[in-house]
1. For residue 66, are the conditions met, namely being touching a strand residue (DSSP E or B) at 6+ places or on another chain (Cβ under 6 Å), modelled with pLDDT under 80 and more than 29 Å from residue 165 (Cα to Cα)?
2. Name the pairs: first residue in the stretch 1-26 and within 19 Å of residue 76 (Cβ to Cβ) and of a type outside the set (A, V, I, L, M), second residue open to solvent by less than 80 Å² (accessible area, probe 1.4 Å) and in a helix (DSSP H, G or I), Cβ to Cβ under 7 Å, at least 6 apart or on different chains?
3. Can you pull out every residue in the stretch 90-104 that is at pLDDT 90 or above and surrounded by fewer than 14 Cβ atoms within 10 Å (Cβ to Cβ)?
4. Quick test for you: out of 204, 124, 141, pick the one residue that is at pLDDT 85 or above and over 24 Å from residue 79 (Cα atoms).
5. Test residue 217 against the criterion of being farther than 24 Å from residue 131 by Cβ and aliphatic (A, V, I, L, M), and give yes or no.
6. Just one of 107, 118 is at pLDDT 90 or above, within 27 Å of residue 169 (Cβ to Cβ) and either open to solvent by 50 Å² or more (accessible area, probe 1.4 Å) or not in a helix (DSSP H, G or I) (or both); which is it?
7. So which of 86, 80, 72 is in a helix (DSSP H, G or I) and either under 30 Å from residue 203 (Cα atoms) or at pLDDT 50 or above (or both)?
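The values are calculated or read from the model by the stated rules, or taken from the named source; none is laboratory data. All of these numbers come straight from a predicted model, not from anything done at the bench. We place every Cβ from the backbone using ideal geometry, glycine too, and count neighbours over all the protein chains shown. In case anyone asks, the SASA skips ligands and DNA or RNA and just uses the protein heavy atoms, side chains included. Shrake-Rupley method; radii C 1.70, N 1.55, O 1.52, S 1.80 Å.
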Amino acid sequence: MLEEERAIERNYLYRKYQLMMEASRTANQPINAPSDDSFHVPPCHSSPLRAAPPTAPELHVLEGTRGANETALLNSSQIAARHAVAKELPVYSGEPEEWPLFIATYENTTKLCGFTPEENMVRLQRCLRGKALEAVKCQLLHPANLEHALSTLKMLFGRPEIIVHSFIEKINKLPAPKADKLNTLIDFAIAVRNMVATVTACHLEDHLYNVTLLQNLVERLPTMVKLNWATHRDRPMVLSRLCRSTIVPQL
């Protein structure tokens, strides 16, 4: 496609200079036109299997260090994604509950846009803050250490049990929901829903069947809401049902 577009552009420029030369001859004004050889149009291959490989100046060829210094070729969808998807990562300062969004954005944009290790290293240098940056600052000096830096961040902040424990602590710090204050019940509902979504994303489904955790959450509810929960639940008691029950407003 790029070769055909270039051929069309060269034909257009060649015709343009021909017209300008004819106009200059009429007005007896010389004009410097490029030679015909500079506008040579390469033959187009009808078969896609014999298409010539892209040359170095083309935009969809990136010299990267994936594996053993091999050339990273971008396909058409990755080229288009680079124009539509933001290159910058969300700011990450080392909070465990923010890790799922951060690592999901990093992995999805890398796959979608075909970012090279050099580009990912620069993206991490720009988005990391605080204790997260201090933990891997020295490892972000060379793209060869990129995987080690990600492993360090995952070990410190991305372990599933740390993330779930952080959400439980956040819920415990919330004020107890009150029947006459709807906003407290809504805040409690959102916190529980976020925890369930994170537990599912981290593949820690065992926490959904944690009877002790479920009991602690129910004990904080107002009396009338507890009665609604007692009539709604069935066995086995699953934490995710608390989000879908009449206890929690459907937001």
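1. yes
2. Close Cβ pairs (under 7 Å, with a partner that is open to solvent by less than 80 Å² (accessible area, probe 1.4 Å) and in a helix (DSSP H, G or I)) do not exist here.
3. Across the stretch 90-104, the qualifying residues are 90, 91.
4. 141
5. Yes: the conditions hold for residue 217.
6. 107
7. Unique residue meeting the criteria: 80.
Listed here are the residues, each with its yes/no results for (1) free of Cβ contacts under 8 Å to residues at least 24 places away in the same chain; (2) over 25 Å from residue 104 (Cα atoms).
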| position | (1), (2) |
| --- | --- |
| 140 | yes, no |
| 176 | no, yes |
| 184 | yes, yes |
| 197 | yes, no |
| 201 | no, no |
| 214 | no, yes |
